[in-house]
Structures are given as structure tokens and as C-alpha cells.
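Chemist: Please see the structure below; I have some questions.
The values are calculated or read from the model by the stated rules, or taken from the named source; none is laboratory data. Keep in mind the model is a prediction, meaning the values are calculated, not measured. Heads up, the Cβs are rebuilt from the backbone with ideal geometry, glycines too, and the neighbour counts pull from every protein chain shown.
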Amino acid sequence: MSRLGSTAYRPLTPSTAAAALRDLAVVISQTRDEALHSRLQRIYDQLDGPDSRGTIAADGRLSPRELDALRLAATGACNMEIAAELQLSPETVKSYLRTAMQKLGAPNRTAAAHAARLAGML
């Protein structure tokens, strides 16, 4: 049996988060111990509840403009360059990137681009 924390780090993407929640739901449904069932259900609710929506989007989808901005950010373009390319203001670009980062559960634009690539979005 493997120990928690002994595996290599893998970034959390919307698809891996959804798969983990599905697995947890199966475990919960098969658990007959009431105390453990309740504890697992609380954990599931905390991970999948309304407060988690800002961290991982329910469906993991990015808008077309969020994808455009993230695609250009992934090439190393700065906000001003992205704004010029997409004919947007730099503040709008910041907003798109910030929202994409939140939906992907990423701390920065590089991590967001990586998560989007892993999820097949880019």
C-alpha cells in the first residue's frame, strides 16, 4: 500500500479534480461505516461545494477570449503585447488571465498555461 505524499507531484487540473471527486463519490457510496461515511461526505462537500467554484471551475471550461489570452501568455507575451494582438485593453487581458487562473486553480499564468495544456485546452 502506498503512503500519502509518497508519489511525485502532479498539478491539479479540472479533469483530474473531477476524476478524483468521482472516485471519492464511489468510495463514499461503498463505505458502510457510518462515521467514516459521514467524514468522507464532509470532505467531498468541502471540495465540491460552492466555495470551491472559484478555485476549480465546475466544468473546467474557459471562454474563447480567456483561451486566446492564455494561449498568447503561454508564448511569453506580456499583457501589453496580448492586448495589442487581441485589440483589447491591458486591464481586460489581466481580467481574462486572472479568471482563467482561478478556473484552472493555478497560482500564476505559467501554471495556468500548463494546466490548460494538460487538460487539452491549448
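Chemist: Looking at the structure I just gave you, is ALA57 at pLDDT below 85, within 11 Å of the chain's Cα centre (by Cα) and aliphatic (A, V, I, L, M)?
Modeler: So ALA57 passes the test.
Chemist: Suppose we keep only residues that are surrounded by fewer than 16 Cβ atoms within 10 Å (Cβ to Cβ) and under 17 Å from HIS114 (Cβ atoms) within the range 72-100. Which one would you say is nearest to the chain's Cα centre (by Cα)?
Modeler: By that ranking, first place goes to ARG98.
Chemist: So which residues in the range 6-46 are outside any helix (DSSP H, G or I) and at pLDDT below 75?
Modeler: Selection gives SER6, THR7, ALA8, TYR9, ARG10, PRO11, LEU12, THR13.
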